[in-house]
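Visitor: The structure that follows is given in the form of C-alpha cells.
Taken together, the values in this text are just the output of simple stated rules run on the coordinates, not laboratory data. Because the structure is predicted, anything quoted here is derived from the model rather than measured. Quick reminder, even Gly has a Cβ in these numbers, built from the backbone with ideal geometry, and neighbours come from all protein chains shown.
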Amino acid sequence: MNRAAIIWRVASFAVAAGFVAIWQLIANLKLVSPVFLPGPDRAWAALMRGFSSGDLWSKLAGTLEHMAYGWLAASIAGIAIGAIIGSSSRMRTYVAPSLEFLRPLPVSAIIPVAIAMLGLTQAMALFVIAFGAIWPIMLATIHGFAAVEPRLYEVARSLQMSRLAVIFKIALPSASPDILAGMRLSLTVALILSVVCEILAGLDGLGHWVLLSARAFRSADLFAGVILLGLTGYVTSVAMSLAEHRLLAWQAAQR
Amino acid sequence: MRANSAKALVLPLAVLVAFEVWARATHLQSDSLAPPSEIVMALFGAFADLSILAATRDTLFSAFAGLAIGTAIGLAFGIAFGISDTLDRLMEVTVEAIRPIPSIALLPIALIALGFGHRMEIVIVAFACVWPVLILSRAAVRSIEPRLMEVARALRLPPAQRVWKIIIPAALPRIFVAFRLSAGIALIVAVTVEIAINPLGLGAGIMLAQQALRPDLMLAYLVWIGVIGYALNILLVVAQNRLFGRAALSGDGQ
C-alpha cells in the first residue's frame with residue numbers, strides 16, 4: 001500500500017468513526033427511544049459482557065457450526081451433481097432446464113416442508129441450509145463444465161482418457177473459477193438460512209440469541225448479536241476471497 | 001429447439017407421474033407429502049376461496065415497496081459514489097461495515113421498532129435491495145464513456161442536469177440489470193421474513209398449512225411461490241431484452 005492509499009484508509013475510518021459518534025449522540029439525546037436503539041457504548045458493553053460470560057461464544061460457535069456443515073455438504077454434493085450433469089450433454093438437455101426452472105424459487109419456502117418432514121431439529125436446519133446453498137454451486141459447476149475450451153476435450157479424446165480422468169484432470173480445474181464464485185455466493189445464503197432456522201427452530205445460535213433479546217427488549221444484547229452476525233459475514237467472505245486468490249493463483253500466472 | 005424443450009419436459013413429467021402412481025399405490029398417509037393431483041386440487045381450492053390471491057397481494061406489496069425504496073437509496077448512493085471518487089473513498093469503511101450484515105439479522109430490530117406487519121417487512125427488503133443496486137450502479141457510472149462527461153462539462157450542465165441527462169441514460173442498461181437482481185432478492189427476502197416471523201402473505205400461508213397438517217395445501221403454496229418467482233424472473237428478462245437489447249449484456253456477469 002502506498003502512502004496516499006493509507007491516508008485515504010485513515011480518512012475513511014475517521015468518517016466511519018464520525019457516524020458512530022452521531023449514533024452515540026442520537027442515543028445520548030434519546031432522539032430515538034433507548035428501548036429500540038442502544039448507544040454504541042451499551043452495545044459494546046453487551047458484546048464484552050457476552051464474551052466474558054461465554055454466552056456469545058457458544059452462540060457464535062453454534063451459528064458457525066450450522067453454516068459450515070450445511071455449506072460443506074452443499075459444496076460436496078453441488079460439485080458432484082454438477083459434474084455429473086455438466087460432463088454429459090445428454091444430462092444437460094434433460095436435467096438442466098428443470099434446474100433452471102427451480103432456481104428462482106425462494107429457497108426459504110422449503111423450510112415448512114423440511115419442518116413437516118424432520119421436525120424442529122438440527123437435521124432440519126442442516127437440510128435447509130444445504131438445500132439452499134447447493135444451487136449456486138451446482139449451477140456454477142454445470143456452467144463451468146459447459147464452458148470448458150472444446151479443444152481440451154478433443155485432447156482428452158485423442159489421449160483416450162476415461163470420463164473420470166476428464167472430470168478430474170480437465171473439467172474441474174478449468175471450471176474452478178466458476179465453482180469458487182458459486183461457493184462464495186452460497187456462503188451468504190448459508191449464513192442467512194442458519195439465522196432463519198435458528199429463529200424458527202430455537203436452535204442454539206446467534207439467530208436465536210437476537211430473537212430472544214428482542215422479545216425481552218434487551219436492545220443492547222440484540223445489537224451485539226447483529227454486530228457479531230455482520231462480522232461473521234465479513235470475515236467469512238474475506239476468508240473466501242483469500243482462498244479463491246490462493247487457489248486460482250496458477251490461472252492468473254497463465255494469463 | 002422444439003425437440004430440446006420437449007426433452008426438458010420429460011424429467012419433470014416423469015417425476016410427477018411416478019410420484020402420483022407411487023402415492024396411489026401405497027395409499028400414502030403423510031404430514032409432509034401429497035400426490036400431485038391433490039396438490040393441484042388444493043391449489044384450485046385456495047384460488048377459489050381467494051386466500052392465496054390475498055396472500056400473493058400482501059407478499060408482492062411488501063416486496064415491491066421494499067424494492068422501490070431500496071433501489072432509490074442504492075441508486076442515489078451508487079451515482080454519488082460513482083461521480084465522486086473522494087466521497088467513495090471516504091465512505092468505503094462505513095459501507096463495508098454495514099453491507100455484510102445479513103438482512104434477516106435486522107428482523108428482530110425491525111420487529112421491536114415497528115411491530116408485525118408490512119412496515120417491518122418493507123424495511124428489511126429495502127435493506128437487502130440497496131446493495132446490488134449501489135454496487136452495480138457505481139460501477140456503471142464509472143464506466144461511462146469519458147467523452148460524454150466532457151460534453152457535459154463543455155455544455156456547462158449544472159450537476160442535476162448532468163445526472164439526469166447524461167449519467168442516468170448512459171448507465172441505465174446496467175442499472176436495470178441491478179434492478180433485476182434486486183427484484184429476485186426482494187421476493188426471496190419477503191417470503192423469508194414471512195416464514196420466519198411475520199404473519200402475512202405467502203410465507204405465513206405456507207407455514208399455516210404446515211401447522212394445520214395439510215401437506216397438499218403446503219405444497220400447493222410451494223408450487224405457487226415457485227411460479228411467481230419464475231414469472232417475475234421471465235418478465236424482467238423479457239423487459240430487459242426489449243428495452244435494452246444487447247446493451248444490458250455488457251453489465252451482466254460482472
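Visitor: Under 20 Å from a label point 7 Å along Cα→Cβ of A:Glu149: give me every residue in the range A:160-185 with its amide N that close.
Guide: A:160-162, A:165-180
Visitor: Quote to one decimal, in nm, the extra length available between B:Leu9 and B:Ala160 on full extension: 0.36 nm per residue of separation minus the C-alpha distance between them.
Guide: Additional length available on full extension: 49.2 nm.
Visitor: Largest first, please: the extent of the C-alpha atoms of the range A:197-255 along each principal axis, to the nearest Å.
Guide: Its Cα atoms span 57, 23, 12 Å along the three principal axes.
Visitor: Counting other Cβ atoms within 10 Å, which trypsin sites (Lys or Arg not before Pro) in the range A:1-102 have at most 16 and lie in a DSSP loop? Intermediate values should be presented prior to the final figure.
Guide: On the way: sites: A:Arg3, A:Arg9, A:Lys30, A:Arg42, A:Arg49, A:Lys59, A:Arg90, A:Arg92; in loops: A:Lys30.
Here the sparse-neighbourhood loop sites are A:Lys30.
Visitor: Can I ask one more? Hey, how much of the P(r) for the protein assembly as shown falls beyond 35 Å, as a percent of Cα pairs? Don't skip to the end; give the middle numbers.
Guide: On the way: 51946 of 129286 pairs.
Percentage above 35 Å: 40.
Visitor: Below 8 Å, C-alpha to C-alpha, sequence gap of six or more: please give me the relative contact order for chain B in percent.
Guide: Working: 279 pairs, mean separation 69.3, N = 254.
Relative contact order comes out at 27 percent.
Visitor: Quick test of the membrane-span-like rule: which DSSP H helices of chain B reach at least 20 Å along their long axis (C-alpha atoms) with mean Kyte hydropathy at least -0.5?
Guide: Helices meeting the criterion: B:2-25, B:51-83, B:118-142, B:168-196, B:215-244.
Visitor: Next up: State which helices in chain A qualify, where a helix is a whole DSSP H run, it must extend 27 Å or more along its own axis by its Cα atoms, and its mean Kyte-Doolittle hydropathy must be at least 0.0.
Guide: Qualifying helices, which must be both long enough and hydrophobic enough, are A:3-28, A:55-86, A:122-146, A:172-201, A:219-247.
Visitor: Now for a different question. Select from B:Thr86, B:Thr26, B:Thr59 the residue whose mean-square fluctuation is largest in a Gaussian network model of chain B (Cα-Cα springs shorter than 10 Å).
Guide: Between B:Thr86, B:Thr26, B:Thr59, it is B:Thr26 that shows the largest mean-square fluctuation.
Visitor: Let me ask something else about it. Of A:Ser219, A:Ser158, A:Ser237, which is the most mobile in a GNM of chain A whose springs link Cα atoms less than 10 angstrom apart?
Guide: A:Ser158
Visitor: Right, here's the next one. How charged is the neighbourhood of A:Gly205? Take every other residue with its Cβ under 9 Å from the Cβ of A:Gly205, and add Lys/Arg as +1 and Asp/Glu as -1.
Guide: Its environment carries a net charge of -2.
Visitor: Gap in Å between the Cα centre of the range A:66-112 and the Cα centre of the range A:1-26?
Guide: Rounded to whole Å, the Cα centres lie 42 Å apart.
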